[in-house]
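**Student:** Below you will find the structure I want to go over with you.
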Amino acid sequence: MTHILAGLRTVRLNEKGEQVIILDQTRLPEKEIYLTLSSAEEIWEAIYHLKVRGAPAIGIAAAYGLAVCCKQIKTSSFELFLEQFGQLKTYLASSRPTAVNLMAALNRMEQIVLNHADLPIEQIQNRLITEAELIREEDVVACRKIGEFGLSLLRPGMGLLTHCNAGHLAVSAYGTALAPIYLGEEQNYGFHVFADETRPLLQGARLTAYELMKAGVSTTLICDNMASSVMQKGWVQAVLVGCDRIAANGDTANKIGTSGVAILARHYGIPFYVLGPTSTIDHNCPDGESIEIEERHPDEVTTMWYEKRMAPRDVSVFNPAFDVTPHQLITAIITEKGIAYPPFSETLPTNGCDLFL
Ligand code: MRU
């Protein structure tokens, strides 16, 4: 299965499995620059500074990063290997706290080590590379399925609104929220997409508008505070967003501003769909209040993207990277396993079993 943006690789391993290669998303849309990373510090920095971002993509990048760094461990002792593995895992997990995919991917890698304590270190190192590749391959399949389920909810010619970037750049291929749009594009659905610019880091303007246009999707960029206006005009028939962590009751953390879009959608009677892989569901997290929300540097609000500072010096700034959309505002949650409708505490899939539809 090929994808219209297949030439754009968000994250991959080099042939020898010794380097992680990422498309530097902070340089888009002007330049497509690929970075080669091989130390834990480089990988941590790339995730923290959003050179690679989006919940599934940071999970894949961290898994690749861990595999690459573990390959550099020189010991024949399993105990020493495990100790260094643990340090690397803890360090990479500290790069961004909200997206559960990061921790889920690192935990999967840890299981590989623990399950193969009897093997020579070199073989464990090779299995870590294989597992990281598997995480990426599974993500491609999951995103495609999410796209198919999502498309079943949409009709040709619809106007769609999305927030942040939950597209090809945020995953391995297709995206989550944008996957139905790409599949629809392949089938001439003729969607029109409104992309929220997504203050303060402009993922909508820099990334979503970029990749949608590159794929030939009809796209209009709006500032975040224009969403109500386009909804009021009747131009939006569905909202599609991604997710960084879905709590057991369906409360969903996603890019800051998402909950406001959900409130608007409810006001105007527009369905609000959350799309993401089951690796984003955290069944250990009962509700949105239990989700740790990352707070980022004030400069992202006051200075970044401006030619000169646009706020008084020393002004107090609150810069949460995510917010939580209460489950009551979500029409359906679409994963690779199907479409879950409320009550989500009963319908969200648990690992390994298809519960719903
Ligand atoms: O801070 P970011 O750019 O990593 O935030 C990304 C989002 O909020 C996405 O919507 C989410 O990770 C889903 S990506 C398929």
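**Student:** Consider R144 against the criteria (1) buried (at least 21 other Cβ atoms within 10 Å of the Cβ); (2) in contact with a Leu (Cβ under 9 Å, 6 or more places away or on another chain): it satisfies all of them except one. Which criterion is unmet?
**Tutor:** It is condition (1) that R144 fails.
**Student:** Taking the range 328-344 only, how many residues are among the small types (G, A, S), in contact with a helix residue (DSSP H, G or I) (Cβ under 8 Å, 6 or more places away or on another chain) and on the phi < 0 side of the Ramachandran plot? Walk me through how you get there before you give the answer.
**Tutor:** Narrowing the range 328-344 to residues among the small types (G, A, S): 332, 338, 340.
If we keep only those that are in contact with a helix residue (DSSP H, G or I) (Cβ under 8 Å, 6 or more places away or on another chain) as well, we get 338, 340.
If we keep only those that are on the phi < 0 side of the Ramachandran plot too, we end up with 340.
Number satisfying all stated conditions: 1.
**Student:** Pick from the range 188-239 the residues that are over 13 Å from L178 (Cα atoms) and under 16 Å from the mean Cα position of the chain (by Cα): which of them is surrounded by the most Cβ atoms within 10 Å (Cβ to Cβ)?
**Tutor:** Q203
**Student:** Kindly evaluate P56 against the criterion of being touching a residue at least 40 places away in the same chain (Cβ under 8 Å) and away from the ligand (no atom under 16 Å from the Cβ).
**Tutor:** Spelling it out, it is not the case that P56 is touching a residue at least 40 places away in the same chain (Cβ under 8 Å) and away from the ligand (no atom under 16 Å from the Cβ).
**Student:** In addition: Does K31 satisfy the condition of being at pLDDT below 95 and more than 14 Å from the chain's Cα centre (by Cα)?
**Tutor:** Details: at pLDDT below 95: no; more than 14 Å from the chain's Cα centre (by Cα): yes.
No.
**Student:** In this structure, is N107 more than 16 Å from the ligand (Cβ to nearest atom) and either closer than 25 Å to A253 by Cα or open to solvent by 60 Å² or more (accessible area, probe 1.4 Å) (or both)? It would help to see each step written out before you state the result.
**Tutor:** Working: more than 16 Å from the ligand (Cβ to nearest atom): yes; either closer than 25 Å to A253 by Cα or open to solvent by 60 Å² or more (accessible area, probe 1.4 Å) (or both): yes.
Spelling it out, N107 is indeed more than 16 Å from the ligand (Cβ to nearest atom) and either closer than 25 Å to A253 by Cα or open to solvent by 60 Å² or more (accessible area, probe 1.4 Å) (or both).
Quick grid of which residues meet (1) in contact with a strand residue (DSSP E or B) (Cβ under 7 Å, 6 or more places away or on another chain); (2) modelled with pLDDT of 95 or more; (3) closer than 19 Å to L240 by Cβ:
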{"position": "F272", "(1), (2), (3)": "yes, yes, yes"}
{"position": "G276", "(1), (2), (3)": "yes, yes, yes"}
{"position": "E289", "(1), (2), (3)": "no, yes, no"}
{"position": "R296", "(1), (2), (3)": "no, yes, no"}
{"position": "E307", "(1), (2), (3)": "no, no, no"}
{"position": "A311", "(1), (2), (3)": "no, yes, no"}
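**Student:** Which pairs turn up if I take residues in the range 313-334 that are of a type in the set (D, E) and look for partners that are within 16 Å of the ligand (Cβ to nearest atom) and assigned to a loop (DSSP other than H, G, I, E, B) with beta carbon separation below 8 Å, at least 6 apart in sequence or on another chain?
**Tutor:** Pairs found: D323/I256; D323/G257; D323/I293.
**Student:** Still on this structure, I have one more. Is it true that some residue in the range 145-168 is part of a helix (DSSP H, G or I), at pLDDT below 95 and within 15 Å of the ligand (Cβ to nearest atom)? I'd like the intermediate steps shown before the answer.
**Tutor:** First, pick out the residues of the range 145-168 that are part of a helix (DSSP H, G or I): 145-151, 168.
Now drop any that are not at pLDDT below 95, which leaves none.
Checked the range 145-168: no residue is part of a helix (DSSP H, G or I), at pLDDT below 95 and within 15 Å of the ligand (Cβ to nearest atom).
**Student:** Return the residues of the range 299-327 that are surrounded by 15 or more Cβ atoms within 10 Å (Cβ to Cβ) and touching a helix residue (DSSP H, G or I) at 6+ places or on another chain (Cβ under 6 Å); say none if nothing qualifies.
**Tutor:** V317, N319, D323, V324, T325, H327
The values are calculated or read from the model by the stated rules, or taken from the named source; none is laboratory data. As the structure is a computational prediction, the values presented were derived from the model and not from experiment. In this analysis, Cβ positions are derived from the backbone assuming ideal geometry, glycine residues included, and neighbour counts consider all displayed protein chains. Note: areas computed on protein heavy atoms with side chains; ligands, DNA, RNA excluded. Shrake-Rupley method; radii C 1.70, N 1.55, O 1.52, S 1.80 Å.
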